[in-house]
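Here is the structure we will look at.
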Amino acid sequence: MNTIPQEFAQYHGLQFTDYTKTTFLIAAVESDSSQLSLTGRGTTLDPSIPPSFELQVFEIDTRGYKGLSGQFKSLQQIEGYYGVNLKPAIASAHFNQSFMNMNEVFGIFVDSVLTDESDNLIFISLWGRDTAIRELQGRLTLGASESGLTAFNLRNDDTKVFVKIGNIQAMEQMAGRVQTDILGELVHCFIFHKEIMKPDLANHRAVLIAQEGEPDYLWNAVKHTCPVPLLDHWETVLLPILRDTGMIKNLSGINQSGTQINIDEERIALLVKQECMNGRLTVAP
């Protein structure tokens, strides 16, 4: 399993224009000849040979992809060949927000992930070709003795994340196909805990996700999940208590935030009773 090193991956997706006003796009890939060995019986794959990587340059126009223009071992070679200075493009390009690679499945790229306090998967956003996504989906259903995945590691230059699958039966998946001009058809797949879409009202649990921070509908979700009726004006009193008692927990991830609600029925009934008796919770606003 060969992960594209950051020295190449950081330029994946960079576009530039040469002196002829032609637009090009750079893709970081494993070289076609990587780990190939020439023997008396022909060319064979030799895993003992370290993998090699390259930057491929594609020409594009207003209609999209036109074809491979060149293959290079460094950004300096590209600048010399096309006669361009790529520093301004690098400084302004969006691609500096690099994806994370999944070590266990080659060709899977992750742009956001969320786990609970025990590293169990809550939400993940994945990109890859159809074959890579199908391999991941298949291995999630297999046992460890059958090369199944019970955990995986994500990493880029700055971040390492360990994720446990937990109970795959508690997860849902959604996937869609995205047509790109350069890389062809990609699959964008979400894997997420069922409680994100449908709260577990029997056990008084729910998971809320947001790009950053807590969602605006947190209190409504608490009221919907809680087995004890709650009045709207109790929000400012009860939310801090629920956080302090661990019935509301903030989850953190990469490019994703989440809030976990897990209401203890006996405990919440006692808390509401106590706060009503001491006058902090009232019927009138």
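The values are calculated or read from the model by the stated rules, or taken from the named source; none is laboratory data. Bear in mind the structure is a predicted one, so any value in this text is a computation, not a measurement. So basically every Cβ, Gly included, is an ideal-geometry build from the backbone, and we count neighbours across all protein chains shown.
Okay, residues lined up against (1) surrounded by 17 or more Cβ atoms within 10 Å (Cβ to Cβ); (2) at pLDDT below 70; (3) farther than 27 Å from PHE152 by Cα:
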residue	(1), (2), (3)
GLY13	yes, no, no
LEU36	no, yes, yes
THR44	no, yes, yes
ASP61	no, yes, yes
GLN71	no, no, yes
GLN77	no, no, yes
PHE95	yes, yes, no
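Out of everything in segment 198-257 that is outside any strand (DSSP E or B), surrounded by fewer than 17 Cβ atoms within 10 Å (Cβ to Cβ) and among the polar types (S, T, N, Q), what residue ends up being modelled with the lowest pLDDT?
Step by step, filter segment 198-257, then rank; the result is GLN211.
If I go through segment 162-197 residue by residue, how many of them are of a type in the set (Asp, Glu), modelled with pLDDT of 90 or more and not in a strand (DSSP E or B)?
Of the residues in segment 162-197, 1 are of a type in the set (Asp, Glu), modelled with pLDDT of 90 or more and not in a strand (DSSP E or B).
Contact list please: Cβ distance under 6 Å, first residue in segment 112-138 and surrounded by 14 or more Cβ atoms within 10 Å (Cβ to Cβ), second residue outside any strand (DSSP E or B) and charged (D, E, K, R), pairs at least six apart or on different chains.
That search, which allows pairs on different chains as well, returns ILE122/ASP116.
With the structure loaded, tell me whether ARG134 is at pLDDT below 90 and either outside the structural domain of GLU212 (by TED's automatic domain parsing) or within 12 Å of GLY253 (Cβ to Cβ) (or both) or whether it fails that test.
Spelling it out, it is not the case that ARG134 is at pLDDT below 90 and either outside the structural domain of GLU212 (by TED's automatic domain parsing) or within 12 Å of GLY253 (Cβ to Cβ) (or both).
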